[in-house]
Each structure stands twice: as structure tokens, then as C-alpha cells.
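The values are calculated or read from the model by the stated rules, or taken from the named source; none is laboratory data. Everything numeric here is computed off the predicted structure, so don't read it as measured data. Cβ atoms come from the backbone with ideal geometry, glycine included; neighbour counts cover every protein chain shown.
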Amino acid sequence: MISFSFVGFIDILGFSDLVIRDCESAAPGEMHLPSLKSAIHAALAIAEAAEARISQFSDSIVVAAPFYPEAGKLEQFLVLSKELQANLFKAGILCRGGVSHGRHFHDETILFSQGLIEAYQLESAVARNPRIIISLDTLDLIYPSGKISDILLLDDDGLPFIDFASGISEAELNDIMLKFRPMLKTENASIRSKIAWLFRYINFCFPAIDLPEEIQMRTAV
């Protein structure tokens, strides 16, 4: 009944604002809901190969698949999570999450999961930025040699996260990032920090996409 699983917990950032803007628009349900449905359905299309289940409630998405101590199985799970995050990102929706493993039960009505608790703790207390980070314990178990999947990058703080922008063209990324640039001027310091991280990540992957002047270091005059 309860079995070991890979478990991902993903939080859609700014979900309340998305819902309010959509529901109060001239065409309720046509701004953000189609993008959310499309991203989840695209992930569901490849979920079967990973034996995975995806559930979404409010701002939370749970992804789970049977645990196998094999790199290929974890990478299938990471590809699925990457697909979900990338499709949300293309629609201008950011998310943050954690991936772990542990005992897990998940059916049509009930989630009862040690793995989910650990993934949630990674998302809520560690991830901070719009990235999906992976439990170091999970990586140590799957990659005892220390060489991790090419799907992952190591951040400045040493945490591995899913490289969700790889596979998106530079031209499309330029267009996507234009949507986020105004958020660098918000008075909310937490939002500014998250968007600055996003620009630095994209610039690392695609150096031709310049950092906005708002987050470039300048000599004091």
C-alpha cells in the first residue's frame, strides 16, 4: 500500500494573483488557466513512461513515481519535472520545488507521504528561488560516484537544481524574459531577488542574453 517513491512538490509562485487577475478579467478563465492546464497535460503525456502520477490543488503540484535505485529512473522523473516547469515558464508562470524520496501513498483522493513532507521542506525552507532542487540524500543514493545527471546544475550555494531552460531557444527565452523584466522594479524585495536569480540563471546558460542593468554591479561614482 505504502511504497518507496520519488516525490516532487512544486509551488506555483504568485498563484493567488494569477487566479484573481484571471477571474476578474473581461474573459474569466482565459488568461492563466489554459496555460496551467496545458503544462500539466503535456507532463501527463510523458508521465506514463515514468510510471508517474501528477496531482494539482491550488498552488501545489505533486509528482510521484515508484522509486528504483537506478540513475535512469531518477532521470525519467527529472525530465518529467523539467517538462512541467519549462512549460509553466514559457507561459510566464514561475514555480519552485523540491524532489526527494521516501514512503508514499497517492491515489485519487488521498496523499499520505513521508517523501512529500521532505520534498515540501526543501521547497519551503531551502529552494527560495524559482528552481526545483533535489535532495542531496537522493542524489548520494542514486549517484554514489558523485557524478550527477546532465539535467541538473549546481547553484552558487551548492544545491543541485533542474536546468529547465535548456531546450528552449535563445529567441524564445528573450521574449519570455521581457515579461519578467518589469518585476525587477517592484518594491517587493523578495520578488526582486527571485527575478534577479532568474536573470542570472538564464545569462549563465545563454551568455548572449545580457543581464539587465538593474542587477549589474557598477562602480560607485
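A few comments on the model shown:
- Close pairs (7 angstrom Cβ cut-off, 6 or more residues apart or separate chains): buried (at least 16 other Cβ atoms within 10 Å of the Cβ) in the range 48-68, in a loop (DSSP other than H, G, I, E, B) and among the aliphatic types (A, V, I, L, M) anywhere: 63/52; 64/52; 65/52
- Qualifying position, being within 17 Å of residue 152 (Cβ to Cβ) and touching a strand residue (DSSP E or B) at 6+ places or on another chain (Cβ under 6 Å), among 98, 72: 98
- Top-ranked residue of the range 167-191 - restricted to ones that are surrounded by 15 or more Cβ atoms within 10 Å (Cβ to Cβ) and in contact with a Lys or Arg (Cβ under 8 Å, 6 or more places away or on another chain), ranked as nearest to residue 154 (Cα to Cα): 168
- Those residues of the range 92-119 which are farther than 21 Å from residue 40 by Cα and of a type in the set (Val, Ile, Thr), in sequence order: 117
- For residue 99, the stated conditions hold: it is of a type in the set (Val, Ile, Thr), touching a Ser or Thr at 6+ places or on another chain (Cβ under 7 Å) and modelled with pLDDT of 95 or more.
- Number of the exception - residue 82 against (1) among the charged types (D, E, K, R); (2) assigned to a strand (DSSP E or B); (3) buried (at least 20 other Cβ atoms within 10 Å of the Cβ): (2)
- For the range 15-62, taking the residues that are in a strand (DSSP E or B) and out of contact with any helix residue (DSSP H, G or I) (no Cβ under 9 Å at 6 or more places or on another chain), the one that is farthest from residue 5 (Cα to Cα) is identified as 57.
- Residue among 85, 121, 76 that alone is of a type outside the set (A, V, I, L, M) and more than 29 Å from residue 190 (Cβ to Cβ): 76
- Annotation: of all residues in the range 135-154 being touching a residue at least 40 places away in the same chain (Cβ under 8 Å) and in a loop (DSSP other than H, G, I, E, B), the one that is surrounded by the fewest Cβ atoms within 10 Å (Cβ to Cβ) is 143.
- Test: residue in the range 178-193 that is of a type in the set (Val, Ile, Thr) and farther than 15 Å from residue 94 by Cα: yes
- One residue alone among 74, 18, 36 is touching a Leu at 6+ places or on another chain (Cβ under 9 Å) and within 22 Å of residue 122 (Cα to Cα), and that residue is 74.
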